[in-house]
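Read the figures in this text as sums done on the coordinates, not as results from a lab. Quick caveat: nothing in here was measured; it's all calculated off a predicted structure. Don't worry about glycine lacking a Cβ; one is built from the backbone with ideal geometry, like all the others, and counts go over all protein chains shown.
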Amino acid sequence: MKDYAERFYKSQAWQQCRAAYASERRGLCERCLARGVFSPGEIVHHKIHLTPENISDPTITLNFDNLELLCRLCHADEHQRALRRFRVDASGRVIAR
């Protein structure tokens, strides 16, 4: 975890916000539920990722509109998607997005 985020994620404000958000979502992964699958949500994810520039902005960090309860698989998929830069075909050639 990045240093700037570690203090935030350990804060009482985040702990309370995270618990309240998960409870409001009834503990279910929002993306799975949208597909009709009932999976337990384990991670409260920030849609706008936290950066050193926005970590002190509660409209980003503690705003329910910027949060999403995800299972571990959906959370991993979200972060992999953010890391992808290219697509390749079966031969390993880079193709357009």
Need one number: nm distance between label points at Ala20 and Asn54, each 7 Å from Cα along Cα→Cβ, rounded to one decimal. 2.0
For the chain, alpha-carbon Rg over 2.2 N^0.38 Å: 1.27
Of Arg25, Arg35, Arg72, which is the most mobile in a GNM of the chain whose springs link Cα atoms less than 10 angstrom apart? Arg35
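Can you give the relative contact order of region 3-95 as a percent, counting alpha carbon pairs under 8 Å and 6+ residues apart?
Working: 101 pairs, mean separation 25.8, N = 93.
Reported as a whole number, the value is 28 percent.
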Dipole of the chain, positive end: most advanced residue of Val37, Ser91, Ala22 [Cβ charges, Cα centre]: Ser91
Subtracting the Cα-Cα distance of Arg7 and Leu33 from 0.36 nm times their residue separation yields 6.2 nm
